[in-house]
Amino acid sequence: MPLKERLEKLQCHFTWSLEEQDKIDIGHVKQGLNVRIQHTPYNNRSTFYALQAYLHQREGRYQEALENLKTAEELLGEGQQMNLIGTKLVISGNYAWIYYHLCNYEMVEQYLDRSDMISQFLSHPSQSTPTIPDISGMIGWSLMAIGFRYGERAASCFQAALSENPKNVEFCAGLAIALYAAATRYDADMELKEKAISKLKEVIHQEPINYECRAYLVRLIKRSDFGQAQELAEDVVQNSHDPEVLRNVAYFFLPQNFERFRDILEQAISMDGDYCLLHRDLGYFYQKQLIKNIRAHILPSQNVIAAGIQAFKRAIQLAPLCIYAKIGLAEMYGANNQQTYQQEIYDNLERELPIASEKCQQAFYASFGQFLLYKKHLLNDAVNVFAKGFKMSSKTKYGKKCESELSKIVGWFERDGRTEEARDLSQLLQRI
């Protein structure tokens, strides 16, 4: 059998089609993955190192990829993954693929043979390896590390793992997190949210110090049980040492207490100053502070603007392809009357759009459209940009923003007697 055919039968990150049809920002994923590796409370560090190896290979960084796999093996040797057969299979498969890309076919053969040997320890060697619980779990953890938009698919993986090993606490936690991810999508229904709440509570009952699940539960029950949510949030802030968990729970305090939001972000930054999302969210705080001041008829504070610009710059320095940080920086430059810089950022972002996710693209259209409308006074250009964002989806946060601006423009057209343009735009809003 040809090597490529044998490789394609392996179960590993190279054969799981993790990205489906979406494009991923590898740098952004690696930023989050580094935080997960350092702070995960679960026995999945080998999974994350194997995923990191796959991402390094995607960037042509083969030596780093091999070092990641070596670390993953060492963790197995230390017993942190209980020497799980599925984990060994995935690591061997990743090794085989990386050496294949390096044209080192002798090593490919070696790792293919190793995979065959490991498979002999399965209770049913002929069975399809995705039914091995830990492989299903590894796929689930990997999907969650790549992006919460894969929540439903990850939930299916953890459910498959639990069907084989129903008492595994970590698979249960993975399922709860995946359900939370699915439940927080714009099109999620109440039944899914209730299911996520139930599973998160189950995990917290089993593991009272699972602060990650506590933080997610806080965000889901804020409206239905504010008192319990506040109690859980304060407990997480006091006891968690995971910067991503703190970042998540900080959102509980919005919009009532922006200062507390900032303080928690700064607490998280003190733990990991190189995590780009903390700085991006800090920039978001200064944006909201600026809007709050303007609504209170307080003149824009140069200190607030400067701090926001600095926060977004730091986020971009750490993750150069962070679309949201670039949009935030552009808007802060706009608030500082630096339209030339603002225009430069939008021009650069427009060139990067083909590799951005649909959500990022829609965020760009909403922000750029407002720039064209309110800063450049290019009404027709703004309509075209808002329409692009609106057509992608009318239900998301940014889709609704585009819709709101287009509806406003319909009114302007009607007021100015541009009835045909008003009718065409109204028809567009009704069709989507």
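The values are calculated or read from the model by the stated rules, or taken from the named source; none is laboratory data. No experiment lies behind these values; they were computed from the predicted model shown. With ideal geometry, Cβ positions are generated from the backbone for all residues, glycine too; neighbour counts draw on all protein chains shown. When the accessible area is computed, the model is the full protein with side chains, heavy atoms only, and any ligands, DNA or RNA have been set aside. Shrake-Rupley method; radii C 1.70, N 1.55, O 1.52, S 1.80 Å.
Among 361-369, 332-340, how do they line up from the highest to the lowest mean number of other beta-carbon atoms within 10 Å?
In decreasing order of mean packing, 361-369, 332-340 become 361-369, 332-340.
Any idea what the dipole of the chain comes to, in debye rounded to 20, about its Cα centre with Lys/Arg Cβ at +1 and Asp/Glu Cβ at -1? Intermediate values should be presented prior to the final figure.
Working: 49 positive and 53 negative charges, 262 e Å.
Roughly 1260 debye, rounded to the nearest 20.
Using only Cα atoms, tell me the angle between helix 276-295 and the longest principal axis of the chain; keep it within 0 to 90° and round to the nearest 10.
The two axes meet at around 20 degrees.
Step through the residues of the range 335-344 one at a time and calculate ³J(HN,Hα) from phi using the Karplus curve (6.51 cos²θ - 1.76 cosθ + 1.60, θ = phi - 60°), rounding each to whole Hz and writing x for Gly and Pro.
Each residue's phi maps through the Karplus curve to give 5, 9, 6, 10, 5, 4, 5, 4, 5, 4 Hz.
Once you keep just the Cα pairs under 8 angstrom separated by 6 or more residues, what percentage relative contact order results for the chain? Don't skip to the end; give the middle numbers.
Details: 569 pairs, mean separation 41.7, N = 432.
It rounds to 10 percent for the chain.
Taking only Cα atoms and a 10 Å spring cutoff, compute GNM fluctuations for the chain and point out the largest among MET138, MET190, MET271.
The residue with the greatest mean-square fluctuation here is MET190.
Please name whichever of ASN210, SER224, ILE264 sits farthest to the positive end of the charge dipole of the range 198-287, dipole taken about the Cα centre and charges placed at Cβ: Lys and Arg +1, Asp and Glu -1.
Among ASN210, SER224, ILE264, the one farthest towards the positive end of the dipole of the range 198-287 is SER224.
Just the number, please: carbon plus sulfur as a percent of the accessible area of the chain, 1.4 Å probe, no ligands or DNA/RNA counted. Please list the in-between numbers first.
Details: 9970 of 20780 Å².
Answer for the chain is 48 percent, counting heavy atoms of protein chains only.
Report, to the nearest 10°, how far helix 226-239 tilts away from the longest principal axis of the Cα atoms in the chain, using its own Cα long axis and a range of 0 to 90°.
It is inclined by approximately 60 degrees.
To test your reading of the geometry: what angle, between 0 and 90 degrees and rounded to tens, separates the Cα axis of helix 133-146 from the longest principal axis of the chain?
In the chain, helix 133-146 runs at an angle near 30 degrees to the longest axis.
Summing -39500 (n - 2.57) over the DSSP H runs of n ≥ 4 in the chain and dividing by its residue number, what mean residue ellipticity at 222 nm do you reach, to the nearest 500 deg cm²/dmol?
Values: 22 runs with 312 residues, N = 432.
Taking each H run of at least 4 residues, the total per residue is -23500 deg cm²/dmol.
Highest first, please rank the peptides 3-13, 349-359 by the mean number of other Cβ atoms sitting within 10 Å of their residues. Present the calculation step by step, with values, prior to reporting the outcome.
Working: 3-13: 16.4, 349-359: 14.6.
In descending order of packing, they fall as 3-13, 349-359.
Per-residue counts of other Cβ atoms within 10 Å, averaged by peptide: what ranking do you get for 379-385, 91-97, 223-229, 209-215, highest first? Provide the component values of the computation, followed by the final result.
On the way: 379-385: 17.3, 91-97: 25.9, 223-229: 12.3, 209-215: 23.4.
In descending order of packing, they fall as 91-97, 209-215, 379-385, 223-229.
Of LYS199/LYS388; LYS70/LYS167; LYS193/LYS400; LYS313/LYS408, which ones are farther than 28 Å apart at the Cα?
On the way: LYS199/LYS388 38 Å; LYS70/LYS167 30 Å; LYS193/LYS400 22 Å; LYS313/LYS408 33 Å.
Flagged as over cut-off: LYS199/LYS388; LYS70/LYS167; LYS313/LYS408.
If eta is 0.890 mPa s and T is 25 °C, what Stokes-Einstein diffusion coefficient results for the range 1-110, Kirkwood Rh from Cα pairs, in µm²/s?
Numbers: Rh = 14.3 Å.
Roughly 171 µm²/s, to the nearest whole number.
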